[in-house]
Amino acid sequence: MNIIETNLKFNSMDTRKSTKKTILHHSGVSVLQTVETIHNYHKNTQGYAGIGYHFYVRKDGTIYRGRPEEKVGAHAYGANSDSIGICAEGDFNTEIMSDVQKNAIKELVAYLKAKYGINTVVGHRDTIATSCPGKNFPLDEIVKA
């Protein structure tokens, strides 16, 4: 698995004290967006320290590092302090995920499970009232992989 390192500049962030779960998201738009685009939106429009997700998986299966892995995320209100956030590019309320993107997410989730001893992998909608990561997101398939 190849994680593309980014040179994103962040404002101050807290360090995560424990890692108990992975939370899966979608970007919620069907247009292609780079990790830099999301970082700039989160930082300059939302007022976050930078991109809220720890990883961003493009439709072509490339995995980018977003927020530093050891830092508290800004991706799931009320559940950020002990989780790692993964965002899949796309709107999975209207789109179907490609096998290449799905396989990349499965590989990343397996890596994080092994690294942190994580047993809990959920969709954003399992933490707060939202449709994220979308009705077509293959959540069960990814969780069971």
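The values are calculated or read from the model by the stated rules, or taken from the named source; none is laboratory data. Everything numeric in this text was worked out from a predicted model, so none of it was measured. So basically every Cβ, Gly included, is an ideal-geometry build from the backbone, and we count neighbours across all protein chains shown. Surface accessibility is based on the protein's heavy atoms, side chains included, excluding ligands, DNA and RNA. Shrake-Rupley method; radii C 1.70, N 1.55, O 1.52, S 1.80 Å.
Close amide-amide hydrogen proximity is noted between G90 and S27, G28, V29, each under 5 Å apart and 5 or more residues distant or on a separate chain (H modeled in the peptide plane; Pro and chain starts excluded). Here are some pairs, K43/K135; K59/K113; K106/K135; which of them have Cα atoms lying more than 26 Å apart in this structure? The answer is K43/K135. Label point of N136 set 7 angstrom out along Cα-Cβ; within the stretch 43-67, amide nitrogens under 20 Å from it belong to 57-62. Solvent-accessible area of the chain (1.4 angstrom probe, protein heavy atoms only): carbon and sulfur portion equals 47 percent. Computed about its Cα centre, the charge dipole of the stretch 63-111 is approximately 120 debye, with only Lys, Arg, Asp and Glu carrying charge at their Cβ.
Phi angles across the stretch 126-141 convert, under the Karplus curve 6.51 cos²θ - 1.76 cosθ + 1.60 with θ = phi - 60°, into 3J(HN,Hα) values of 7, 10, 7, 6, 7, 8, 5, x, x, 5, 9, 5, x, 4, 4, 4 Hz, Gly and Pro given as x. Pairwise alpha-carbon distances in the chain exceed 26 Å for 14% of all pairs. Taking all protein chains together and a 1.4 Å probe, the residues M97, M1, M13 rank M1, M13, M97 from largest to smallest accessible area. Around the amide H of T22, modelled in the peptide plane, lie the amide H atoms of I84, T120, V121, V122, all under 5 Å away and 5 or more residues distant in sequence or on another chain.
Amide H contacts of K71: R16, each under 5 Å away and 5 or more positions distant or on a separate chain (H built 1.01 Å from N in the peptide plane; Pro and chain starts excluded). Within the chain, what's the longest stretch lacking trypsin sites (Lys or Arg not before Pro) that sit in DSSP loops with no more than 14 other Cβ atoms inside 10 Å? My reading of the result: 18-134 is the longest stretch. Only helical runs count toward this figure. For the chain, summing -39,500 (n - 2.57) over DSSP H runs of n ≥ 4 and dividing by all residues gives -7000 deg cm²/dmol at 222 nm. Taken one residue at a time, the phi angles of the stretch 42-48 give Karplus couplings (6.51, -1.76, 1.60, θ = phi - 60°) of 4, 6, 8, 9, 7, x, 6 Hz. Gly and Pro are set to x. Phi angles of the stretch 64-78 translate, via the Karplus equation with coefficients 6.51, -1.76, 1.60 and θ = phi - 60°, into HN-Hα couplings of 10, 7, x, 4, x, 4, 7, 8, 5, x, 9, 10, 8, 3, x Hz per residue; Gly and Pro are given as x. If both residues of a DSSP beta bridge must be in the stretch 21-145, then about 20% of such bridges are antiparallel.
Fully extending the segment from D82 to V100 would add 3.7 nm, taking 0.36 nm per residue of separation and subtracting the current Cα-Cα distance.
Within straight-line reach of K20, meaning a Cα separation under 12 Å, sit the following aspartates and glutamates at least 8 residues removed in sequence or on another chain: D82.
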